[in-house]
1. Step by step: first the residues of the stretch 190-210, then only those that are in a helix (DSSP H, G or I) and polar (S, T, N, Q), then the one that is surrounded by the fewest Cβ atoms within 10 Å (Cβ to Cβ). Which residue is that?
2. For the stretch 243-250, does any single residue satisfy the condition of being within 24 Å of the chain's Cα centre (by Cα), polar (S, T, N, Q), on the phi < 0 side of the Ramachandran plot and part of a helix (DSSP H, G or I)?
3. If you check T272, T258, T234, which single one turns out to be touching a Gly at 6+ places or on another chain (Cβ under 7 Å) and polar (S, T, N, Q)?
4. Scan the stretch 171-189 for residues that are surrounded by fewer than 17 Cβ atoms within 10 Å (Cβ to Cβ), under 31 Å from the mean Cα position of the chain (by Cα) and not in a helix (DSSP H, G or I) and report the count.
5. Determine which single condition G231 fails, assuming it passes every other condition in (1) at pLDDT 90 or above; (2) among the small types (G, A, S); (3) surrounded by fewer than 19 Cβ atoms within 10 Å (Cβ to Cβ).
6. Would it be correct to say that I168 is surrounded by fewer than 17 Cβ atoms within 10 Å (Cβ to Cβ) and at pLDDT 90 or above?
7. Considering every residue within the stretch 266-277, establish whether at least one is acidic (D, E) and part of a helix (DSSP H, G or I).
8. Being among the basic types (K, R), closer than 30 Å to G242 by Cα and either in contact with a Leu (Cβ under 6 Å, 6 or more places away or on another chain) or loosely packed, with under 12 Cβ neighbours inside 10 Å (or both) is true for just one of R110, R69, R76. Which residue is that?
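The values are calculated or read from the model by the stated rules, or taken from the named source; none is laboratory data. For clarity, every value in this text was computed on a predicted model and none was experimentally measured. In this analysis, Cβ positions are derived from the backbone assuming ideal geometry, glycine residues included, and neighbour counts consider all displayed protein chains.
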Amino acid sequence: MSAPATTPPSLRKTRGSGERSPRSIAFAIVLWACLVVAVLFLLTLIVTTLVDGWDRLDSRLFTEYPSSRPQEAGARPAILGSIWVVGTTAVLTIPIGVAAAVYLEEFADRNTWYNRIIELNIQNLAAVPAIIYGMLALGILTLFGVQQKNIVIGAALALTLLILPVVIIATRESIRAVPREIRDGSLALGATPWQTTWRQVLPAAVPGIATGSILALSRALGEAAPLLLLGALTFVSFDPNGLLSGYTTMPIQIFGWTARPQAAFHELAAATSILLLALLLAMNGLAIYIRNHFQKRW
């Protein structure tokens with residue numbers, strides 16, 4: 001008569017362990033409670049902002065300049081300033097970020113000490129607070145003898161330093177997701193490594209690169225701290241017209257209006273916040289569309 005089969009000790013389930021243990025259930029309840037509380041606070045904030053600023057979300061917000069009289073004020077310079085600053089940031093960030101990611105992922109020797117240091121610094125810089133990049137940009141402008149710090153190119157420099165690590169990391173992940181077989185097939189047909197990267201790898205990685213770049217630029221659009229450190233103006237009554245022009249952005253304009261005691265300025269700040277939120281949601285929606293529509297399944 002054969003002995004009954006016994007379960008190995010490593011496979012035996014102890015009482016109170018696993019996903020249904022009291023501790024696991026209590027931890028899951030706490031997590032869901034935190035999520036519900038955070039969502040409720042977010043919804044309350046969004047609804048309150050919509051209620052406060054809906055009446056001022058009209059054409060005056062887009063066409064009028066800031067004024068001491070809130071009924072005549074608008075956010076035209078802030079809207080144009082945001083376009084100038086974020087557009088310049090995109091021109092500076094995307095080519096440098098993509099080029100750095102291509103070098104590190106396709107051509108760099110990962111065994112050399114300086115490449116390992118570069119990769120470590122890129123990963124660490126992605127978590128540095130935004131205000132630090134404002135201080136770094138301020139130091140760079142001072143080093144080059146720029147007297148007027150509150151200019152479009154200075155703001156773009158600070159935001160470029162802020163989102164460049166994010167763009168590099170997102171681009172590297174997109175390049176890494178391209179199957180190795182595509183590279184091997186291109187090289188087997190006689191293409192050089194650069195031709196393979198330019199004509200095969202980069203086109204296949206464009207959806208991920210575009211998604212990461214748009215999300216990084218949406219973060220730059222909502223930043224105010226590094227720009228305030230550079231002396232960005234909170235009251236601008238002119239349209240920015242170049243890289244050396246003074247400017248303000250929507251987050252800075254919101255900051256300036258919320259500091260005023262009049263309730264009408266708070267309504268203006270709420271209306272501008274609605275516009276900024278709509279732009280951020282549109283950019284994130286565009287990133288999701290690009291990812292879902294153009295991403296290839298290997």
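1. The first filter runs over the stretch 190-210 and keeps only residues in a helix (DSSP H, G or I), leaving 193-210.
So of that shortlist, the ones also polar (S, T, N, Q) come out as 195-197, 200.
Working: Q195: 13, T196: 19, T197: 21, Q200: 17.
The selected residue is Q195.
2. no
3. Values: T272 fails: touching a Gly at 6+ places or on another chain (Cβ under 7 Å); T258 fails: touching a Gly at 6+ places or on another chain (Cβ under 7 Å).
Sole residue among the options that is touching a Gly at 6+ places or on another chain (Cβ under 7 Å) and polar (S, T, N, Q): T234.
4. Step one: of the stretch 171-189, the residues surrounded by fewer than 17 Cβ atoms within 10 Å (Cβ to Cβ) are 173, 176-177, 179-182, 184-185, 187-189.
Of the ones still in play, those that are also under 31 Å from the mean Cα position of the chain (by Cα) are 173, 176-177, 179-180, 182.
After this cut, where a residue has to be not in a helix (DSSP H, G or I) as well, the list is 177, 179.
Residues in the stretch 171-189 being surrounded by fewer than 17 Cβ atoms within 10 Å (Cβ to Cβ), under 31 Å from the mean Cα position of the chain (by Cα) and not in a helix (DSSP H, G or I): 2 in total.
5. Condition not satisfied by G231: (1).
6. Working: surrounded by fewer than 17 Cβ atoms within 10 Å (Cβ to Cβ): no; at pLDDT 90 or above: yes.
For I168, the condition - surrounded by fewer than 17 Cβ atoms within 10 Å (Cβ to Cβ) and at pLDDT 90 or above - is not met.
7. Start the filter on the stretch 266-277 by keeping residues that are acidic (D, E), which leaves 267.
Now drop any that are not part of a helix (DSSP H, G or I), which leaves 267.
Yes, some residue in the stretch 266-277 is acidic (D, E) and part of a helix (DSSP H, G or I).
8. Numbers: R110 fails: closer than 30 Å to G242 by Cα; R76 fails: either in contact with a Leu (Cβ under 6 Å, 6 or more places away or on another chain) or loosely packed, with under 12 Cβ neighbours inside 10 Å (or both).
Just a single option satisfies the conditions, and that option is R69.
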